[in-house]
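K.L.:
My questions all concern the structure below.
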Amino acid sequence: MDGVYEVGSVLLNGRPSVYGGQQVSANPQLGIRCLFHAATNYHKAAYLEIASAFGNGRGVSNDLVESYAWYYLHSLKEPFPNLETAAMNNLALKLDAAAILRAVAMAKQFQAGSWSGSALSVPPAPPVPDATQFKLTGITIGKSLSMAIINGKNLRENELSLMAVGPAFLSVKCLKITSNTVLISVWGESTPRELHLR
């Protein structure tokens, strides 16, 4: 998940380069989606990025209750006081007791693996890529490990990857690999797709 987190962090804020003319332009909506994906896989640093985004309205609507919930979730993983604890405590000064209780309940729901309380749990309608935008160019079948190359990315069975598909980045999971086909699921689609080796 470190890679998904890094991509999300860069896209949320953009990143200049030390080399002239090279930079990554910010795409906050896509960045926050990547961070949410990392967070739902329990990536602690993603909790902080999302907390800050909700606090500042970057890539999402400004929501101090959800911001507090993400800070609180992080504090459950990092119990010792730090700068993030100070940020959470400063945020508490802007909320009433009922709002803090809602935020704590939301964080505990997240901790239990239920993400439906988050505004991010309802994905935007993703672009629907046509079949030609997925290119299966290689398959390796091994005794204990099989791999497929899809759109230039190596994937094992049950591996999830953020993949460039046309103009968008989509979360793609490799479900099953056979000698000449691969079954994948695409985030936002209810039916798996079968790709054939070309």
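The values are calculated or read from the model by the stated rules, or taken from the named source; none is laboratory data. These numbers come from a predicted model, not from an experiment. Every residue, glycine as well, gets a Cβ built from its backbone with ideal geometry; the counts of neighbours run over all protein chains shown.
K.L.:
Quick check: is even one residue across the stretch 13-27 in contact with a helix residue (DSSP H, G or I) (Cβ under 7 Å, 6 or more places away or on another chain), of a type in the set (A, V, I, L, M) and modelled with pLDDT of 85 or more?
P.N.:
no
K.L.:
Could you tell me which numbered condition residue 145 fails, if it satisfies all but one of (1) modelled with pLDDT of 80 or more; (2) out of contact with any Asp or Glu (no Cβ under 9 Å at 6 or more places or on another chain); (3) not in a helix (DSSP H, G or I)?
P.N.:
Every listed condition holds for residue 145 apart from (2).
K.L.:
State which residue pairs qualify: first residue at positive phi and inside the stretch 60-87, second residue buried (at least 16 other Cβ atoms within 10 Å of the Cβ) in any location, beta carbons under 8 Å apart, and separation of 6 or more residues or different chains.
P.N.:
Listed pairs, sorted by first residue: none to list.
K.L.:
A follow-up question, please. Looking at the structure I just gave you, is residue 61 assigned to a loop (DSSP other than H, G, I, E, B) and either modelled with pLDDT under 90 or in contact with a Lys or Arg (Cβ under 7 Å, 6 or more places away or on another chain) (or both)?
P.N.:
Against the criterion (assigned to a loop (DSSP other than H, G, I, E, B) and either modelled with pLDDT under 90 or in contact with a Lys or Arg (Cβ under 7 Å, 6 or more places away or on another chain) (or both)), residue 61 qualifies.
K.L.:
Consider residue 182 carefully, then state whether it is aliphatic (A, V, I, L, M), outside any loop (DSSP other than H, G, I, E, B) and under 17 Å from residue 41 (Cβ atoms). So that I can check it myself, show each step before the final result.
P.N.:
Numbers: aliphatic (A, V, I, L, M): yes; outside any loop (DSSP other than H, G, I, E, B): yes; under 17 Å from residue 41 (Cβ atoms): no.
The answer is no for residue 182.
K.L.:
Right, something else. Among (1) within 15 Å of the chain's Cα centre (by Cα); (2) crowded, with 16+ Cβ neighbours inside 10 Å; (3) among the hydrophobic types (A, V, I, L, M, F, W, C); (4) not in a helix (DSSP H, G or I), which single condition is residue 26 missing?
P.N.:
Going through the list (1) within 15 Å of the chain's Cα centre (by Cα); (2) crowded, with 16+ Cβ neighbours inside 10 Å; (3) among the hydrophobic types (A, V, I, L, M, F, W, C); (4) not in a helix (DSSP H, G or I), residue 26 breaks only (1).
K.L.:
Among residues belonging to the stretch 175-198 that are within 24 Å of the chain's Cα centre (by Cα) and farther than 17 Å from residue 133 by Cα, point out the one that is surrounded by the most Cβ atoms within 10 Å (Cβ to Cβ).
P.N.:
Of everything passing the filter in the stretch 175-198, 175 is surrounded by the most Cβ atoms within 10 Å (Cβ to Cβ).
K.L.:
Being at pLDDT 90 or above and touching a His at 6+ places or on another chain (Cβ under 8 Å) is true for just one of 48, 95. Which residue is that?
P.N.:
None of the other options fit; the residue is 48.
K.L.:
Spot the failing condition for residue 75; the list is (1) of a type in the set (Ser, Thr, Tyr); (2) farther than 18 Å from residue 5 by Cα; (3) modelled with pLDDT of 90 or more, and only one is missed.
P.N.:
It is condition (3) that residue 75 fails.
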